[in-house]
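We did not get these values from a lab; they are worked out from the coordinates using the rules stated. Here the structure is a predicted model, which means the values were calculated and not measured. Here the Cβ is made from the backbone with ideal geometry for all residues, glycine too, and neighbour counts use every protein chain on show.
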Amino acid sequence: METKNFCQSCGMPMGAKDELFGTELDGNKSVDYCKYCYENGSFTRDVTAEEMIEICIPHVVAAEPELTSEEARKLMKEVLPGLKRWKKD
Ligand SMILES: [Zn+2]
């Protein structure tokens, strides 16, 4: 089964290679979080889901130029609550 690795904090696609993966305290790669969100076993930014969305919007628009900021925000609001970091169970 093919699995796509999306960062479970910001939703960024991390690809099949591990170069964008975050790092655990023991130096292993994190399969859940990207290197921008997660470094040495902890999150790089202590933010709320809402703040994360605002941080991510410019990057989403840069990656998907056909989206407006408003569309990117709407997309993030749909995606983020389902990610491991933000999921409330
Ligand atoms: Zn991330």
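Name the long-range amide H neighbours of SER30: under 5 Å, sequence gap of 5 or more, or other chain; modelled H, no Pro or chain starts.
Those qualifying (amide H under 5 Å, at least 5 residues apart or on another chain) are GLY22, THR23, GLU24.
Go through region 33-89 and name the trypsin sites (Lys or Arg not before Pro) that are in a DSSP coil and have 12 or fewer other Cβ atoms within 10 Å of their Cβ.
Values: sites: LYS35, ARG45, ARG73, LYS74, LYS77, LYS84, ARG85, LYS87, LYS88; in loops: LYS35, ARG45, LYS84, ARG85, LYS87, LYS88.
Passing both the DSSP loop test and the Cβ count: ARG45, LYS84, LYS87, LYS88.
Taking H placed 1.01 Å from N in the peptide plane, check which residues at least 5 places from MET14 or on another chain put their amide H under 5 Å from its amide H.
Distant-sequence amide H within range of MET14: ASN5, PHE6, CYS7.
Give the range of the longest stretch in the chain that excludes all GluC sites (Glu not before Pro) found in loop regions by DSSP and having at most 13 other beta-carbon atoms within 10 Å.
Values: sites that count: GLU2, GLU19, GLU66.
Answer from the scan: 20-65.
Amide H to amide H under 5 Å from THR44: which residues, 5+ apart in sequence or cross-chain, H placed 1.01 Å off N in plane?
TYR38, GLU39
So if I take the alpha carbon set of the chain, get Rg, then get Rh from the Kirkwood formula, what is the Rg over Rh ratio?
Working: Rg = 13.1 Å, Rh = 13.5 Å.
The Rg/Rh ratio comes out at 0.97.
Please turn the phi angles of region 54-62 into ³J(HN,Hα) values with the Karplus equation 6.51 cos²θ - 1.76 cosθ + 1.60 (θ = phi - 60°), one per residue in order, whole Hz, x for glycine and proline.
So the Karplus estimates, Gly and Pro as x, are 5, 5, 7, 3, x, 6, 5, 5, 5 Hz.
Here are some pairs, LYS17/LYS87; LYS17/LYS88; LYS35/LYS84; which of them have Cα atoms lying more than 23 Å apart in this structure? List each step's numbers first, then the result.
Numbers: LYS17/LYS87 26 Å; LYS17/LYS88 29 Å; LYS35/LYS84 16 Å.
From the list (LYS17/LYS87; LYS17/LYS88; LYS35/LYS84), the Cα-Cα distance tops 23 Å for LYS17/LYS87; LYS17/LYS88.
Applying 1/(1 + (r/R0)^6) with R0 = 30 Å to the Cβ-Cβ distance of GLU64 and LYS87, what FRET efficiency is obtained, to the nearest 0.05?
Details: r = 24 Å, r/R0 = 0.80.
Approximately 0.80, to the nearest 0.05.
List the relative contact order of the chain as a percent without decimals, with contacts defined as Cα pairs under 8 Å and 6+ residues apart.
On the way: 115 pairs, mean separation 21.9, N = 89.
Across the chain, relative contact order equals 25 percent.
Picking from ALA62, ALA49, ALA72, which is most flexible by a Gaussian network model of the chain using Cα springs under 10 Å?
ALA62
Which percent of the Cα-Cα distances in region 1-44 go past 15 Å?
Values: 292 of 946 pairs.
When all Cα pairs of region 1-44 are counted, 31 percent exceed 15 Å.
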